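FYI, it's all coordinate maths here, none of it is from the lab. It should be emphasised that the depicted structure is a prediction, and the values quoted were computed from it without experimental measurement. Neighbour counts are summed over all protein chains in view; Cβ atoms, including those assigned to glycine, are modelled from backbone coordinates with ideal geometry.
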Amino acid sequence: MDYVIRQATPQDTNQISLFLSRRTGKAISPLHIENRLHFMRSTSSEWLFVYEEQNEILGTLAFRIRQSSDAHLKISEASLISSDETQQHQIAGSKLREYAEQLANQHECTGLWWVAGLESKNGTHSLSQSPGFQESGYRFVKRFL
């Protein structure tokens, strides 16, 4: 199947909103997505990418670069949302993970942190089994959406 991974645009707002709402089970307004995209366009260190097949978004990748003030440490931070319901969506997640690693190398980052916000149905994170990655701690989040 042909696919494309590309930077999200304002024209994607409604489709991203529907995709994320279905995946999270919570209503996420198109206005919220548009505001987030607007913020990302105003910075040179944060992007949102979409994985698309036949004009349908099957996954998103948020990618951010964090750099220490002395510029010696440059870490990329990535979060991925794709549905685990079908093999097609699992492929999207796998391709987005590979893309995040390419971006980290392209930006000469010294490491890649995965921010896992959604668990699978069995309560685990899919990245915990990925080669080269190890669990390094937990974040505690109070959700407002």
Original post:
With θ set to phi - 60° and the Karplus curve 6.51 cos²θ - 1.76 cosθ + 1.60, what are the ³J(HN,Hα) couplings of region 4-21 in order, to the nearest whole Hz, using x for Gly and Pro?
Top reply: 9, 10, 9, 5, 5, 10, x, 5, 8, 3, 5, 5, 5, 4, 5, 4, 5, 4
Original post:
Can you give the net charge of the other residues whose Cβ lies under 14 Å from the Cβ of residue 33, counting K and R as +1 and D and E as -1?
Top reply: +3
Original post:
For region 63-69, what does the Karplus curve 6.51 cos²θ - 1.76 cosθ + 1.60, with θ = phi - 60°, yield as ³J(HN,Hα) per residue in whole Hz, taken in order and with x for Gly and Pro?
Top reply: 10, 9, 10, 10, 10, 5, 5
Original post:
Under a 5 Å amide H to amide H cut-off, with H placed in plane at 1.01 Å, what residues pair with residue 8 once short-range neighbours are removed?
Top reply: 48, 49, 50
Original post:
For region 9-96, what class follows from the C-alpha gyration tensor (a ≥ b ≥ c being the square roots of its eigenvalues): rounded when a/c is under 1.5, otherwise prolate if a/b is larger than b/c, else oblate?
Top reply: oblate
Original post:
Spin-label point model (7 Å from Cα, Cβ direction): what's the residue 75 to residue 102 distance in nm?
Top reply: 2.5
Original post:
Residues with beta-carbon under 12 Å from that of residue 52, excluding residue 52: net charge, scoring Lys, Arg +1 and Asp, Glu -1?
Top reply: -2
